[in-house]
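Chemist: Here's a structure for you.
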Amino acid sequence: MKKFIETIKNIFKIEELRKRIVYTLLLVLVYRLGCFIVLPGIDATMLASLQSSTQEGLVGLLNMFSGGAFGNASIFALGVMPYISASIVIQLLGMFVPYFRKLQMEGESGRRKMNQITRYLTILILAIQCPAYLAAIHNQIPGQAFVAVTQLGWSNFTFNLVSTLILLSGSMFVMWLGERITDRGIGNGISLLIMIGIVARLPYALVAELGEKFTTTNGGPLLLIVELVVLFFVFVAAIALVQAVRRIPIQYAKRVVGNKQYGGVRNYLPLKINAAGVMPIIFAQALMLFPILFSRWDATRGLAAALSNYTGVWYNLIFGFLVVIFTYFYTAVTVQPNMMAEQMKQNGGFIPGVKPGKKTAEYIDDIMDKVTLPGSIFLALIAIMPAFAMLLGVNNQFASFYGGTSLLILVGVILDTLQQIEGYLLMRHYDGLMKTGRLSGRSGM
């Protein structure tokens with residue numbers, strides 16, 4: 001405890017780090033306040049039905065990512081998810097479309113151009129999602145809640161148009177907050193805002209779970225303690241998955257320039273066990289939604305019913321299989337063995353016993369195939385873990401923290417932010433956040 005307090009003091013002794021942390025906290029406060037500002041013209045006291053319908057399923061996941069703004073009909077209701085969707089599309093286009101691949105290789109100027117295209121695509125996605133969201137809340141809450149229409153005499157078209165512009169502006173403002181945090185704060189701003197939204201829902205989920213355990217005969221306090229212990233071990237397992245790497249030894253050839261000798265040292269190429277991150281779960285969840293959209297037809301009604309049961313065998317079996325498939329797909333898209341082999345060759349590096357060039361690329365690709373299999377299976381288990389928690393009597397809201405997208409985002413963002421803070425401490429010759437002075441496993445990543 002004494003060492004922890006001393007580390008906190010050291011953090012605030014570094015002026016630049018202190019300013020960045022305070023700046024980040026202020027922008028996060030602005031974001032959280034905006035999540036409770038209801039769209040103008042809607043009576044906030046009549047949102048109970050909308051809030052209750054956003055507790056489960058994919059809609060519940062969107063509500064969690066937005067910190068409850070989705071269920072509050074807030075000006076930040078759509079949050080950063082449209083921007084995330086646009087970023088995913090642009091990233092995939094960079095792997096398959098020559099124009100975007102060229103932009104990726106142009107350095108800073110190409111990155112700025114791709115960011116600009118991402119923003120335009122975000123606006124396009126918002127232009128589709130905003131009217132869809134408004135149509136959904138029209139169906140969920142009573143007509144008397146729209147006071148702009150019932151009392152001020154607005155037409156539905158005028159209300160929807162104004163609300164669409166507000167929702168679009170709100171999402172773009174949230175995106176701007178995330179970029180400001182990245183540039184002048186601490187951590188990755190967009191990821192940090194998503195994590196804050198997830199953490200903001202934790203107290204509500206915990207209170208709901210406490211209410212069930214203390215007001216019913218469903219296990220009582222003892223079972224709650226067991227649930228918290230299991231949650232801790234799942235959290236530790238997720239940290240291990242994020243940090244796990246397979247290190248390939250690299251030898252650098254000796255070079256003599258003038259009177260100086262370069263190279264001849266041994267290094268390691270770290271390959272992540274889970275190079276795809278949380279993206280396979282997001283893709284798999286999106287794909288699982290499609291059969292439900294066609295539930296009105298008799299031919300697909302049975303399949304839609306099976307895929308609507310989040311604790312059912314078929315849902316979780318198909319979901320886990322898709323996570324494994326998308327893990328291989330996304331790893332193949334993001335990890336480029338040919339590029340790694342070429343960069344090693346240009347820098348005079350080689351893997352002992354493997355010829356440079358094509359053989360090295362094949363060797364790295366073979367290693368990635370082997371390490372991706374256990375990583376994908378572990379990721380699939382984490383993805384379906386909330387279903388097991390619900391089957392064992394855990395409240396639906398609290399069960400979402402036992403795995404899936406929310407848990408991996410929490411772990412990834414926390415580790416990334418702590419790594420940046422630790423970097424400032426080590427540069428100023430202070431002890432790091434861990435006893436060893438360095439976050440375990442992060443240096444290799």
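The values are calculated or read from the model by the stated rules, or taken from the named source; none is laboratory data. All of these numbers come straight from a predicted model, not from anything done at the bench. A quick note on method: Cβ atoms are made from the backbone with ideal geometry, for glycine too, and the neighbour counts reach across all protein chains shown. Protein only, heavy atoms only, side chains kept; ligands, DNA and RNA dropped before computing areas. Shrake-Rupley method; radii C 1.70, N 1.55, O 1.52, S 1.80 Å.
Chemist: Run the quick spin-label model on Val30 and Tyr120: label points 7 Å from Cα toward the beta carbon, then report their separation in nm to one decimal.
Modeler: 2.7
Chemist: Could you work out how far apart the two model spin labels at Leu381 and Ile5 are, taking each label as a point 7 Å from the Cα in the direction of the beta carbon, and quote it in nm?
Modeler: Between Leu381 and Ile5, the simple spin-label model gives 4.0 nm.
Chemist: Right, here's the next one. Can you work out the accessible area per residue across segment 87-152, with the rest of the protein chains kept in place, probe 1.4 Å, in square angstrom?
Modeler: That works out to 59 Å² per residue.
Chemist: Starting from the coordinates of the alpha-carbon atoms of segment 175-251, obtain the Kirkwood hydrodynamic radius over all distinct pairs and give the value in Å to one decimal.
Modeler: 16.0
Chemist: Same structure again: Report the full-extension gain for the segment Tyr204 to Tyr99: residue separation times 0.36 nm, less the Cα-Cα distance, to one decimal in nm.
Modeler: Contour length minus Cα-Cα distance gives 33.2 nm.
Chemist: Let me ask another. Once fully extended, how much extra length lies between Met339 and Tyr268, figured as 0.36 nm per residue of separation less the alpha-carbon to alpha-carbon distance?
Modeler: So the chain would gain 23.9 nm between Met339 and Tyr268.
Chemist: For segment 19-171, calculate the relative contact order in percent as a whole number, restricting contacts to Cα pairs under 8 Å that are 6 or more residues apart.
Modeler: The normalised contact order for segment 19-171 reaches 29 percent.
Chemist: Over segment 107-194, consider all pairs of different Cα atoms and compute the Kirkwood hydrodynamic radius from their mean reciprocal separation; express it in Å, one decimal.
Modeler: 15.2 Å is the Kirkwood radius here.
Chemist: Moving on. Which distance in nm do the two modelled labels at Leu165 and Val22 give, with both placed 7 Å along the Cα-to-Cβ direction?
Modeler: 3.8
Chemist: Measure off, as a whole percent, the carbon and sulfur share of the 1.4 Å-probe accessible area of segment 137-193, all protein chains present.
Modeler: Its accessible area is 57 percent carbon and sulfur atoms.
Chemist: Between Arg180 and Lys113, what's the calculated FRET efficiency when r is the beta-carbon distance and R0 is 22 Å? Round to 0.05.
Modeler: 0.60
Chemist: Once you wrap a convex hull around the alpha carbon atoms of segment 56-180, what is its projected area averaged over all directions, in nm²?
Modeler: 9.1
Chemist: Residues of segment 384-408 with amide nitrogen under 17 Å from the 7 Å Cα-to-Cβ point of Phe214?
Modeler: 395, 398
Chemist: Explain nothing, just the number: dipole magnitude of segment 136-255 about its Cα centre with +1 on each Lys and Arg Cβ and -1 on each Asp and Glu Cβ, in debye rounded to the nearest 20.
Modeler: Magnitude of the dipole: close to 800 debye.
Chemist: Which whole-angstrom value gives the distance between the alpha carbon centres of segment 179-220 and segment 402-420?
Modeler: 12
Chemist: Still on this structure, please answer the following. Could you compute how fast segment 375-418 diffuses translationally, taking Rh as the Kirkwood radius over C-alpha pairs and applying Stokes-Einstein at 25 °C with viscosity 0.890 mPa s? Give it in µm² per second.
Modeler: It comes out at roughly 226 µm²/s.
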